[in-house]
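One structure below.
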Amino acid sequence: MDILRGGNKPPAPVKLSSLVAAAVLCPAALSAHPVKWSGTGKVTSLNNAAAYPGVAVNDPVEVAFSYDSNPVVNGLSALQMLPGVYHFKAEFIGNIDLKMSVKIGAQTWEAALPVSEKNGTHALHSLSWDGGGSPDTFTVLLSSTDNASFPSFPYSGANAGRRMDLVLNDTTSPCDLLDGQSLPRGGSDLSQITDASGSIAAGFDTLRFSLDLPSIKVIEDVPKIPLAFNRTMTGFELKWFGEPGAIYQLVKSEDLEEWEEVSIHEGLDEDITVPVGSFLTLPERCFYKVIKL
């Protein structure tokens, strides 16, 4: 990773590539792209083993699900519990592009729900606390009654409605899994999740599983924008190509943890050039990246 250093002697020009954007920016402002989760665990129970041949309690499980990073918030409620402390309830609708898969041995169960209707599916649902209270609960639900499709669903029982779900809980205090008005994104703090469990069901035939908490990961497929770093007579400048009509946010960080906005720019089908400081005013180390809003 290239490092921008300030001082009396400027460095030679270098080429920087923008970093993958983490969830440290306002989620509502970013362009849409997939947020991908994964984790491993084991089968915890089967109430009708004959309905899921080849599956047994304690069998290893691989789980993955993904959704669009920028859905519409619907049904948001905020109940004030204490002065300055609110309990948020929200569902996320629109083009959520929700997908989930569960692999057990050689068998894979898959479900998809491209669109979640208003006041309908609760396919992506959150309960969270403002002010660090607990618990935070994040629910992923795909059901045939809510028009989810199931491209692969190994099952030998009678014809019945299909369902796949996963619930993540953060019961520590303060808990940082959820923000009341946004979905978790790549870079979200998963260290305090205290429970992760889900199920596969057809009618009353239910297969339940749990995830090993350290195995849970979330990434976000944010398109990288090539960023050039050049030396000028007085300092430094950053340059990237601006697509016509696109809006870009330039941000910086000294530690790759906390990011702050530098400026906003509109693409005009030409290079965007931004002076970022003189040799004497820049910190010893500084990182930059560009986000397409």
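Some points to look at:
- Counting the residues of the stretch 249-279 that are of a type in the set (S, T, Y) and within 27 Å of D189 (Cβ to Cβ) gives 1.
- Selection status of S17, small (G, A, S), at pLDDT 75 or above and under 30 Å from L227 (Cβ atoms): no
- Residue list for the stretch 255-293, filter: modelled with pLDDT under 85 and farther than 22 Å from E220 by Cβ: V276, G277, S278, F279, L280, T281, L282, P283, E284, R285, C286
- Contacts under 8 angstrom Cβ, first residue in the stretch 157-170 being assigned to a loop (DSSP other than H, G, I, E, B), partner among the hydrophobic types (A, V, I, L, M, F, W, C), 6 or more apart: G157/A50; G157/A51; G157/A202; A160/A202; A160/F204; G161/A202
The values are calculated or read from the model by the stated rules, or taken from the named source; none is laboratory data. Remember, predicted model here, so these are calculated numbers, not experimental data. Using ideal geometry, Cβ is built from the backbone for each residue, glycine included, and neighbour counts are taken over all protein chains shown.
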